[in-house]
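Chemist: The structure that follows is given in the form of structure tokens.
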Amino acid sequence: VNGHKKVVSAKGDTPLLYILRNDLGLKGPKFGCGLGQCGACAVLRDGKSIRSCITTVADAEGSNIVTIEGLSSNPSKPHPVQEAFIAEQAAQCGYCINGMIIEAASLLTRKPNPSRDVIKTAMDGHLCRCGTYLRIINAIEKAAKNGKRT
Amino acid sequence: MSGLPKISRRTFLEGAGLLAVGFAWTGVSEAEAEAAAVPYRGERITDPAQLDSWLVVNRKGAVTVFTGRIEMGTGTETVFTQFVAEELDITPNRVRLVMGDTRLTPNQGKTTASLNVVRGAQPLRAAAATARKALLALAGVKLGVAAEHLETGDGFVMLKSKPETRVSYGELIGEKSFNTVLELDGRSEEDITRGVMLKPHVPLKSNRDFKVLGRSLPRVDIPEKILGTFEYIHNVSVPGMVHGRVIRPPSIGARLLSVDGSELKKLKDARIVERNDFLGVVADREEDAIEAVSLVKAKWSKTEPLPESRELYGELIKQRVLSDRVSFEAGDIVAGLDKGQIRLNAVYDFPFQNHAMIGPSCAIADVRADKAILWSGTQWPHGDRSDIAKMLGLPLDRVELIWKEASGSYGRLGCDDAAADAAIMSQIANKPVRVQWSRADEHIWEPVSPAMTMLIEGASSATGQITAFDYVQYSPSHSTGEKGNHLAWRLIGGAPGWGRMSGAAPNLWYNVPAKRARNIYVEPWLRNIYLRAPGGIQAIFAYESFVTELANLAAMDPLEFRLKNLMDARDIGVLKAVASLSGWEPHVNRGKNNGASILKGRGVAMARYGAGNTRSSLVADIEIERATGKIRITHAYMAVDCGYVLNPDGALNQVEGGLLQGLSRALHEEVSFDRKIVTSESWADYPILRFSEIPEVKIEFLHRPDLPWSSLGEAGTVTAPAAVANAVFDAIGKHPRRLPLRADHMQKLMGSI
């Protein structure tokens, strides 16, 4: 998890989310539905965005999990997607934002230069009650642009 | 944004070291961060009539402000910081807020987004101005000059004639008390609930002098939210805490007959917590608490308290009437109706809707024999504290509530049910308990926004002058879930019930000689609590649909028809602004059954709504797929006049979000139920707007630099249902007078054209 080997003792069918939050103290991923419907709990598993609320810890064993806390490879500098979200002020209550950032980071790894429609499709499984969608799209476009520049 | 904001967090201890308060800040150096950590020795005072209750300046000149209001994701913390920095003449990054902690902050009543900038900020602003005056006096003594020769800037008092002769706020007052008495403007319970106000004995700055307000100060809470380090209520952990889950009845009002917990033996440390009809489980591990819910076998009595859902609106007008009030009345309705050549009677229906927080309710309570401490995301820290103290049978001064931000709720946390659940569970378990509601708990048991049915009879002259507007609404009050009507308190018995009738129709802004609105409050089926623009979004859906329907009967362009009936320059201004923004071309309703597979329409709606009468207008473009009835909103153009704009980017963020939420409520949102209980229990049954559905959006704020500011939380939302419904009317020629505009409803509507 976030580059470190972690050993936990729990029932195998425990959702990964509770292990991350309660055993490993990584509270960036959020509980939203427990059903894989909203995306608030998203983490990267071997680089791909997954829903930690419906992934069991047994299933996750041996894989490389990255949470929002470990997203940036440089501890003193946020990930470019996070920088873009801050620059665009792309949050209101922010509860969904963990999933938005994880999904966006995953998307930009696969497709560094996505169109708005591609962004909308990729993000469609993530819900935001505050209606921050417009800013999130702008932030992802900005992160893509910044990525191209560097 | 240039460079990276530095993120830091300090925790400091108060008094005997028991009470920790966390701060988050951005864009400041470590030294400044250190300076902001004000040490509190002994008790803090929270009397709103004392300046020291509102703010403290430390030796390094950093200011800590104490407010009973809370942040809900709408930017309150940021704009409050601006207000204080402005009146105190200090840079905003030296101001920190402590919010909603009943041990530390004055009681500022209920945080309603619509009143935050109009009312909630007022005492902070007045306190900051009073503190600045006191600092000028202190500097006068120190420098041996009269205060009129001094001025303030950037945290210093200086000689006007020689600015390099200066003394810092920290040197003048650092950690000492101001000992200044303030005068409250109103002390009634209603005044306190709405938010305490101070008499402005010290003059406040005028708009033209603002240096900090009127600028887009970045949101102070956003960096931590983006980095994943922000401490939401869901993240709070207390030593010795166990995990609680609630077990609710299978139907509303059912009594608990028996409980069998024998299966719980499978789990280590899981146990039942039970009192009368309240049932829950606690366990050391969260996943065990979740599993325990499925292992407990409970028998409940059978109840069927709800109406048939397809009969909802018919039943609504047959429910027992609790109150019948006129909210505005002018002229002679009968004469007005007789005068109009065009008459219309219409009924509009607005469904029960969920607040639909992305993060379900969560709270922590540590209840001991003689005291209790609660951690809650409530919007009303002092109100929930008082209610829960009563529920627990503890004196008020033995109960404290520490607010931590929750998931954006738009009114749902006006009463925090989870805090009451946690309090009862902790009292029974004799341990700190964290209660996390499941997704189904939240969707089924949250206090909903009540359904409303609205009857309008009106008339217009042949040339488009509205001559009469007679409006009647039937709905339960929007606040039947508050004042101790917590779910947990109802289940243990003895809840005091509720009293307030809320959700009245807003004043009609059109110049109509005969107009009236009656608000008929009926017996509720479900608990209700405010949801963004309570009563307003419903009434404005009806008003603005009706006005467009009248325009159509008069064979007039709906925008031209509105202009013909407006008098107020700001109403006219906001409507003309959206006409220009959207490239409005005058047209009479175009709806026709022309056989096209995609039908296109454009609708307009406007409102004058909220504290300070914010004006907003919206033009929506839609397409309906004839085969499926699915609506796609392609464009949304909005103009807003909220007077002076306190933080332009914050305001835009609010309006964008409010608009999308309003479109979601128009298109999708409806709580479904059977005779027993709410049946929409997840995002599959209660969809909200998604990324793939968002239109192209253009928003314009009118430039009103000299006007007072007005509320903004609801401006983006209130016109959305009517504008979309009016666009459907334009597309298909038939007005969909009932929300939501779901595909199946649209198919039925189109089937009849």
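Chemist: In Å and whole numbers, how far do the C-alpha atoms of the stretch B:162-211 stretch along each principal axis, longest first?
Modeler: 48, 33, 15
Chemist: So, one more: Quick check: Cα centre of the stretch B:612-689 to Cα centre of the stretch B:488-517, how many Å?
Modeler: 22
Chemist: Oh, and also: Residue by residue through the stretch B:286-300, which ³J(HN,Hα) values in whole Hz follow from phi under the Karplus form 6.51 cos²θ - 1.76 cosθ + 1.60 (θ = phi - 60°), with glycine and proline marked x?
Modeler: Result, rounded to whole Hz: 4, 5, 6, 4, 5, 5, 4, 4, 7, 8, 6, 10, 10, 10, 10.
Chemist: Please give me the summed charge of the neighbours of B:Ser161: other residues whose Cβ is under 15 Å from its Cβ, Lys and Arg +1, Asp and Glu -1.
Modeler: Neighbourhood net charge equals 0.
Chemist: Of B:Lys110/B:Lys211; B:Lys110/B:Lys515; B:Lys60/B:Lys142, which sit over 26 Å apart, Cα to Cα?
Modeler: Violating the 26 Å limit, Cα to Cα: B:Lys110/B:Lys211; B:Lys110/B:Lys515.
Chemist: Provide the three semi-axes, in whole Å and in decreasing order, of the ellipsoid equivalent to the stretch B:680-753 as defined by the square roots of 5 times the Cα gyration tensor eigenvalues.
Modeler: In descending order the semi-axes read 30, 18, 12 Å.
Chemist: If exposed trypsin sites (Lys or Arg not before Pro) are those in a DSSP loop with at most 14 other Cβ within 10 Å, what is the longest stretch of chain A that has none? Working shown, then result.
Modeler: Numbers: sites that count: A:Lys5, A:Lys6, A:Lys11.
The reported range is A:12-150.
Chemist: Something else now. May I ask you to compute the full-extension gain from B:Ser161 to B:Arg675, defined as 0.36 nm times their residue separation minus their alpha-carbon distance, rounded to one decimal in nm?
Modeler: Full extension from B:Ser161 to B:Arg675 adds 177.3 nm.
Chemist: A further question follows. Using a Förster distance of 22 angstrom, determine the FRET efficiency expected from the C-beta separation of B:Leu322 and B:Ala346, and round it to 0.05. Please list the in-between numbers first.
Modeler: Working: r = 25 Å, r/R0 = 1.15.
Efficiency at R0 = 22 Å is approximately 0.30.
Chemist: Here is a further query. Return the Cα extents of the stretch B:361-419 along principal axes one, two and three, sorted largest first, each rounded to a whole Å.
Modeler: Extents along the principal axes: 33, 16, 14 Å.
Chemist: Full-extension gain between B:Val145 and B:Met567, please, as 0.36 nm times their residue separation minus the C-alpha to C-alpha distance.
Modeler: Residue separation times 0.36 nm, minus the Cα-Cα distance, leaves 146.5 nm.
Chemist: What length, rounded to one decimal in nm, is gained on full extension from B:Asn430 through to B:Lys734, with 0.36 nm per residue of separation minus their alpha-carbon distance? Show your work: numbers first, answer last.
Modeler: Details: separation 304, 0.36 × 304 = 109.44 nm, distance 6.08 nm.
Contour length minus Cα-Cα distance gives 103.4 nm.
Chemist: Would you calculate the separation in nanometres between label points at A:Lys111 and B:Ala335, each defined as 7 Å from the Cα along the Cα-to-beta-carbon direction?
Modeler: 6.6
Chemist: Assuming a viscosity of 1.002 mPa s and a temperature of 20 °C, what translational diffusion coefficient in µm² per second does Stokes-Einstein assign to the stretch B:424-576, Rh being the Kirkwood radius over Cα pairs?
Modeler: Values: Rh = 18.3 Å.
Answer, rounded: 117 µm²/s.
Chemist: Would you calculate the volume per residue, in Å³, of the smallest convex hull containing every Cα atom of the stretch B:46-157?
Modeler: About 98 Å³ per residue, rounded to a whole number.
Chemist: Right, next: Plugging the Kirkwood radius over Cα pairs into Stokes-Einstein for the stretch B:114-187, at a temperature of 37 °C and a viscosity of 0.692 mPa s, what D comes out in µm²/s?
Modeler: Approximately 241 µm²/s, per Stokes-Einstein.
Chemist: Now for a separate question. Percent antiparallel among DSSP beta bridges with both residues in the protein assembly as shown, to the nearest 5?
Modeler: That works out to approximately 75 percent antiparallel.
Chemist: Now for a separate question. Stokes-Einstein diffusion coefficient for the stretch B:538-689 at 10 °C in a medium of 1.306 mPa s, Rh from the Kirkwood formula over Cα pairs: what value in µm²/s? Before the final figure, lay out each step's value.
Modeler: Working: Rh = 17.4 Å.
Roughly 91 µm²/s, to the nearest whole number.
Chemist: Same structure again: Counting Lys +1, Arg +1, Asp -1, Glu -1, what net charge surrounds B:Pro695 among other residues with beta carbon under 11 Å of its beta carbon?
Modeler: Spelling it out: positives minus negatives among the neighbours equals -2.
Chemist: Provide the percentage of antiparallel DSSP beta bridges, counting only those with both residues in chain B; round to the nearest 5. Don't skip to the end; give the middle numbers.
Modeler: Numbers: 91 of 121 bridges.
Taking every DSSP beta bridge within chain B, about 75 percent pair in antiparallel fashion.
Chemist: To continue, here is another question. Mean-square fluctuation check for chain A, GNM, Cα pairs under 10 Å: which of A:Cys41, A:Cys130, A:Cys96 is largest?
Modeler: Between A:Cys41, A:Cys130, A:Cys96, it is A:Cys130 that shows the largest mean-square fluctuation.
Chemist: Specify whether the C-alpha gyration tensor of the stretch A:72-113 places it in the rounded, prolate or oblate class, a ≥ b ≥ c being the square roots of the eigenvalues: rounded for a/c under 1.5, otherwise prolate if a/b is larger than b/c and oblate if not.
Modeler: It is oblate, given that a/c is not under 1.5 and a/b is not larger than b/c.
Chemist: Further question: Need one word for chain B: rounded, prolate or oblate. Basis is the Cα gyration tensor (sqrt eigenvalues a ≥ b ≥ c); a/c below 1.5 gives rounded, then a/b vs b/c decides.
Modeler: Here chain B falls in the oblate category.
Chemist: log₁₀ I(q)/I(0) of the stretch B:266-335 at q = 0.11, 0.13, 0.18 Å⁻¹, via Debye over equal Cα point scatterers, no solvent, to two decimals?
Modeler: Rounded to two decimals, the profile gives -0.61, -0.69, -0.85.
Chemist: Let me spell out the model: positive unit charges on the Cβ of Lys and Arg, negative unit charges on the Cβ of Asp and Glu, origin at the Cα centre of the protein assembly as shown. What dipole size does that give, in debye rounded to 20?
Modeler: Working: 110 positive and 101 negative charges, 155 e Å.
Using Cβ point charges on Lys, Arg, Asp and Glu, the protein assembly as shown gives about 740 debye.
Chemist: Using a Förster distance of 25 angstrom, determine the FRET efficiency expected from the C-beta separation of A:Asn64 and A:Val118, and round it to 0.05.
Modeler: 0.45
Chemist: Let me ask something additional. Could you list which residues have their amide H under 5 Å from that of B:Leu198, counting only those 5 or more apart in sequence or on another chain, with H placed in the peptide plane?
Modeler: Correct list: B:Asp185.
Chemist: Let me ask something else. Over the stretch B:423-498, what portion of Cα pair distances is larger than 15 Å, expressed as a whole percent?
Modeler: 74
Chemist: What ratio of Cα Rg to 2.2 N^0.38 Å holds for the stretch B:488-601?
Modeler: Dividing the Cα radius of gyration by 2.2 N^0.38 Å gives 1.52.
Chemist: Another one. Taking a quarter of the surface of the Cα convex hull of the stretch B:597-753, what do you get in nm²?
Modeler: Averaged projected area of the stretch B:597-753's Cα convex hull equals 10.4 nm².
Chemist: List, largest first, the extents of the alpha carbons of the stretch B:256-405 along their principal axes, each in whole Å.
Modeler: Rounded to whole Å, the extents work out to 77, 39, 29 Å.
Chemist: Which residues does the label zone of B:Ser216 cover in the stretch B:634-654, counting backbone N under 15 Å from a point 7 Å along Cα→Cβ?
Modeler: Answer for the stretch B:634-654: B:645-654.
Chemist: For the stretch A:12-79, rounded, prolate or oblate, judged on the Cα gyration tensor with a ≥ b ≥ c (square roots of eigenvalues), a/c < 1.5 rounded, else prolate if a/b > b/c?
Modeler: Verdict is prolate for the stretch A:12-79.
Chemist: Then there's this: Starting from the eigenvalues of the Cα gyration tensor, five times each then square-rooted, give me the equivalent ellipsoid semi-axes of the protein assembly as shown, largest first, whole Å.
Modeler: Its equivalent ellipsoid spans semi-axes of 41, 36, 29 Å.
Chemist: Pop the C-beta distance of B:Ser177 and B:Ser461 into the FRET formula with R0 = 51 Å and round what comes out to the nearest 0.05.
Modeler: On the way: r = 67 Å, r/R0 = 1.31.
Efficiency, from the Cβ-Cβ distance: 0.15.
Chemist: Something else now. Could you state the angle between the C-alpha long axis of helix A:97-110 and the longest principal axis of the C-alpha atoms of chain A, as a value from 0 to 90 degrees rounded to the nearest 10?
Modeler: Tilt of helix A:97-110: around 70 degrees.
Chemist: A follow-up question, please. Need the list of lysines near B:Lys268 for cross-linking: C-alpha distance under 17 angstrom, and skip anything on the same chain fewer than eight residues off.
Modeler: Candidates past the 8-residue exclusion: A:Lys11, B:Lys431.
Chemist: So, one more: How big is the stretch B:508-554 by the Kirkwood estimate over distinct Cα pairs, in Å?
Modeler: 13.1
Throughout, read-outs are computed from the coordinates displayed, never taken from laboratory work. These numbers were taken from a predicted model, which means no experiment stands behind them. Every residue, glycine as well, gets a Cβ built from its backbone with ideal geometry; the counts of neighbours run over all protein chains shown.
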